[in-house]
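Engineer: First the structure, which I've put down as structure tokens, then a few questions once you've had a look.
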Amino acid sequence: MRIISCLSLSGGMGKTTCSFFLGMNLSKMGYKVLLIDSDPQSNLSFYSSVAVEPDEPTLLEVLKKEVEIEDGIYETKYPNLWIIPSDDALNQAQEYLSNSGMGAVVLRKRLSRVSDLFDFCIVDSPPQRSQISLTVSGAADVLVIPAEVSSKGINSVCRTLDLVEEQIEIEAFRGEILGILPFRDRWVGRSQTKKSRESIETIKVLLEEESRLVLQGIKVLPSIIESEQFKKAMDLGMTLAELGHEDLEYPFRYISEQLSPQILAKASV
């Protein structure tokens, strides 16, 4: 199982959008996909149409090992797609992770038990630096860093890369950064707006800072175009293709194609 974390240390960067549609795309390709909602706001759980009762286990109980991980996994209404949901009680995990002395690897250790049951695990991260975001990054084989095409998004990229660099230095993160995923790339007709173009160029320049080891090999991924169709599809529990907007799925198809050979290569070993 390959663990992909959508990590960004600001809100509104597109983490849930990335997690939802990447999971949907991989599941439609026939892969068994486990989603993890590690944001106490639980938006990914909501859009996956999974509602748990107060006495049912969520990610909190899985992290604290109060239940076996299998008991925290729920089927969604979509084929090949499961989820470990969250709710606002997840914030209680912060103290546990901090006191554990191994918070950065807790999620990875919990997931090892089900690594043979799924092809991919997609983790939606919280929008701030926390013990939860540390364990999410520490679990990842692959990081995707969504970023709004704005000054706020650029700042989020810098802060997120700083965190990853710190994780690398203490050997808590040993995966790869697949790339920066621009979010809300605005176009008017066939023309990209100046603001979007300049923001993406700034990110590219940032990634060319060769003195930082963490930046080596990172690329800017195809953009998520600004469109109300993403929210509409998530609200309706439909794919963009089912809404007649297959072209908007391109960023997720591209990422899926980058990940798929890794799974196929592993299976052939």
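The values are calculated or read from the model by the stated rules, or taken from the named source; none is laboratory data. Predicted, not measured: the structure shown is a model, and the values here were computed from it. Here Cβ is always computed from backbone atoms with ideal geometry, including for glycine, and neighbour counts include all displayed protein chains.
Engineer: Can you pull out the residues in segment 67-103 that are modelled with pLDDT under 95, within 13 Å of Glu56 (Cβ to Cβ) and not hydrophobic (A, V, I, L, M, F, W, C)?
Structural biologist: Of everything in segment 67-103, just one residue is modelled with pLDDT under 95, within 13 Å of Glu56 (Cβ to Cβ) and not hydrophobic (A, V, I, L, M, F, W, C), namely Asp87.
Engineer: Among Ser125, Ser151, which is the only one that is buried (at least 24 other Cβ atoms within 10 Å of the Cβ) and either of a type outside the set (Val, Ile, Thr) or under 19 Å from Phe20 (Cβ atoms) (or both)?
Structural biologist: Ser125
Engineer: So, Lys232, is that one assigned to a helix (DSSP H, G or I) and without any contact (Cβ under 8 Å) to a residue 24 or more places away in the chain or not?
Structural biologist: So Lys232 passes the test.
Engineer: Criterion first (in a helix (DSSP H, G or I) and either of a type in the set (S, T, N, Q) or surrounded by 15 or more Cβ atoms within 10 Å (Cβ to Cβ) (or both)) does Ala104 satisfy it?
Structural biologist: yes
Engineer: Tell me which of these Glu209 doesn't satisfy, since it passes every other one: (1) over 19 Å from the mean Cα position of the chain (by Cα); (2) loosely packed, with under 15 Cβ neighbours inside 10 Å; (3) assigned to a helix (DSSP H, G or I).
Structural biologist: (3)
Engineer: Moving to a separate point now. Using the structure shown, decide if Ser98 is closer than 17 Å to Ala172 by Cα and either touching a helix residue (DSSP H, G or I) at 6+ places or on another chain (Cβ under 8 Å) or not in a helix (DSSP H, G or I) (or both).
Structural biologist: Spelling it out, Ser98 is indeed closer than 17 Å to Ala172 by Cα and either touching a helix residue (DSSP H, G or I) at 6+ places or on another chain (Cβ under 8 Å) or not in a helix (DSSP H, G or I) (or both).
Engineer: Kindly indicate which of Gly12, Gly101, Gly23, Gly30 is free of Cβ contacts under 8 Å to residues at least 60 places away in the same chain and within 25 Å of Leu248 (Cα to Cα).
Structural biologist: When all the criteria are applied, what remains is Gly30.
Engineer: Among what's in segment 76-134 and is among the aromatic types (Phe, Trp, Tyr) and more than 17 Å from the chain's Cα centre (by Cα), pick the residue that is farthest from Lys64 (Cα to Cα).
Structural biologist: Among those that are among the aromatic types (Phe, Trp, Tyr) and more than 17 Å from the chain's Cα centre (by Cα), it is Tyr78.
Engineer: What pairs can you find where one residue is in segment 82-96 and more than 14 Å from Ser125 (Cβ to Cβ) and without any contact (Cβ under 8 Å) to a residue 60 or more places away in the chain, the other is hydroxyl-bearing (Ser, Thr, Tyr) and in a helix (DSSP H, G or I), and their Cβ atoms are less than 8 Å apart, with a gap of 6+ or different chains?
Structural biologist: Hits for this filter: Ile83/Ser45; Pro85/Ser45; Asp87/Ser45.
Engineer: Under 9 Å by Cβ, and 6 or more places apart or on different chains, what pairs join a residue from segment 136-152 that is farther than 14 Å from Leu111 by Cβ with one that is assigned to a helix (DSSP H, G or I) and charged (D, E, K, R)?
Structural biologist: Val144/Lys15; Pro146/Lys15; Val149/Lys195; Val149/Arg197; Val149/Glu198; Ser150/Lys195
Engineer: Let me ask something else about it. Do you know which of the residues in segment 133-148 that are not in a helix (DSSP H, G or I) and not hydrophobic (A, V, I, L, M, F, W, C) is surrounded by the fewest Cβ atoms within 10 Å (Cβ to Cβ)?
Structural biologist: Checking each candidate, the answer is Asp141.
Engineer: Can you find, within segment 171-197, the residue that is farthest from Val149 (Cα to Cα) among those that are among the acidic types (Asp, Glu) and surrounded by 13 or more Cβ atoms within 10 Å (Cβ to Cβ)?
Structural biologist: By that ranking, first place goes to Glu176.
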